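Reading through the structure tokens given below for one structure.
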Amino acid sequence: MYDVPVFYATTEGQTRRIAERLAADLRATGLSSAAMDMTSPELDQVDWSAVRAVLVGASIHGSTHQKEAGDFIARYAPRLNAVPSAFFSVSMSAASADVRTAAAAENLARDFVRKRHWRPDRVDCVAGRLAFTEYGWLRRRIMRMISKTMGLSADTSRDYEFTDWMQVDEIAADVAARAAPQRACALAG
């Protein structure tokens, strides 16, 4: 079905947007790819024998990744370990100027996959986005306080994009290169 599926769990939509960009980048290299929500029934249709590499993404909220992401990784860890793979963790902590905050996000991401017996080739922390205009009153106030403590803008009248799209493109390029030998072996076999 897909050479390189991109599985994701999202709460506010930024991880989905990143997954869709990764899949588009992979398709641009000639690999078949699609972004798939981990809660989608489409997961049952994945032909793992055709998978040459895989990306998995989830976001951090309240110092934890989504439960469905943990369940997915635990369920599919043997398959994820069988091919080149990468995990991308999306958070505002990745955008922080405080080195300790960014390091804490990286530790959360590495522990998250390790505890589920997955050994991805790479783990990336990707900055998210503040969608103040989409938040309810309480969430807007909480995110404003968090933004201030991280040294980020706290103007709630607009949204802020912190995702480094060049970083996202680099992740896709690296995974595509890792999948290429897998694809060559499949074509030769």
Does segment 78-98 hold any residues that are in a loop (DSSP other than H, G, I, E, B) and either farther than 30 Å from residue 51 by Cβ or among the β-branched types (Val, Ile, Thr) (or both), and which are they?
83, 92, 96, 97, 98
Out of all the residues in segment 107-137, which are among the aliphatic types (A, V, I, L, M), touching a helix residue (DSSP H, G or I) at 6+ places or on another chain (Cβ under 7 Å) and in contact (Cβ under 8 Å) with a residue 60 or more places away in the chain?
126
Are any residues in segment 38-58 among the β-branched types (Val, Ile, Thr) and free of Cβ contacts under 8 Å to residues at least 60 places away in the same chain, and if so, which ones?
39, 46, 51, 54
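Table: residues versus (1) of a type in the set (Val, Ile, Thr); (2) out of contact with any Cys (no Cβ under 8 Å at 6 or more places or on another chain); (3) over 19 Å from residue 177 (Cα atoms); (4) modelled with pLDDT under 95.
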position	(1), (2), (3), (4)
27	no, yes, no, no
62	no, yes, yes, yes
72	no, yes, yes, no
81	no, yes, no, no
86	no, yes, no, no
98	no, yes, yes, yes
For residues that are touching a residue at least 60 places away in the same chain (Cβ under 8 Å) and not in a loop (DSSP other than H, G, I, E, B), scanning just segment 24-37, find the one that is surrounded by the most Cβ atoms within 10 Å (Cβ to Cβ).
26
Got at least one residue in segment 89-106 being closer than 25 Å to residue 3 by Cα and touching a helix residue (DSSP H, G or I) at 6+ places or on another chain (Cβ under 9 Å)?
yes
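For segment 86-107, enumerate the residues that are in contact with a strand residue (DSSP E or B) (Cβ under 6 Å, 6 or more places away or on another chain) and within 19 Å of residue 10 (Cβ to Cβ).
Within segment 86-107, 86, 87, 88, 89, 90, 91, 94, 95, 105 meet the criteria.
Going by the structure shown, is residue 90 crowded, with 23+ Cβ neighbours inside 10 Å, under 26 Å from residue 177 (Cα atoms), touching a Ser or Thr at 6+ places or on another chain (Cβ under 7 Å) and of a type in the set (Val, Ile, Thr)?
Values: crowded, with 23+ Cβ neighbours inside 10 Å: yes; under 26 Å from residue 177 (Cα atoms): yes; touching a Ser or Thr at 6+ places or on another chain (Cβ under 7 Å): yes; of a type in the set (Val, Ile, Thr): yes.
It is true that residue 90 is crowded, with 23+ Cβ neighbours inside 10 Å, under 26 Å from residue 177 (Cα atoms), touching a Ser or Thr at 6+ places or on another chain (Cβ under 7 Å) and of a type in the set (Val, Ile, Thr).
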Considering only residues that are touching a Ser or Thr at 6+ places or on another chain (Cβ under 7 Å) and crowded, with 16+ Cβ neighbours inside 10 Å, look in segment 151-189 and name the one that is modelled with the lowest pLDDT.
154
Cβ-Cβ under 7 Å pairs, at least 6 apart or on other chains, segment 149-177 side touching a residue at least 12 places away in the same chain (Cβ under 8 Å) and basic (Lys, Arg), far side surrounded by 13 or more Cβ atoms within 10 Å (Cβ to Cβ) and assigned to a helix (DSSP H, G or I)
158/132
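The values are calculated or read from the model by the stated rules, or taken from the named source; none is laboratory data. Everything quoted here is computed from the prediction, not taken from an experiment. All Cβ positions, even for glycine, are placed from backbone atoms using ideal geometry, and neighbour counts span all protein chains on display.
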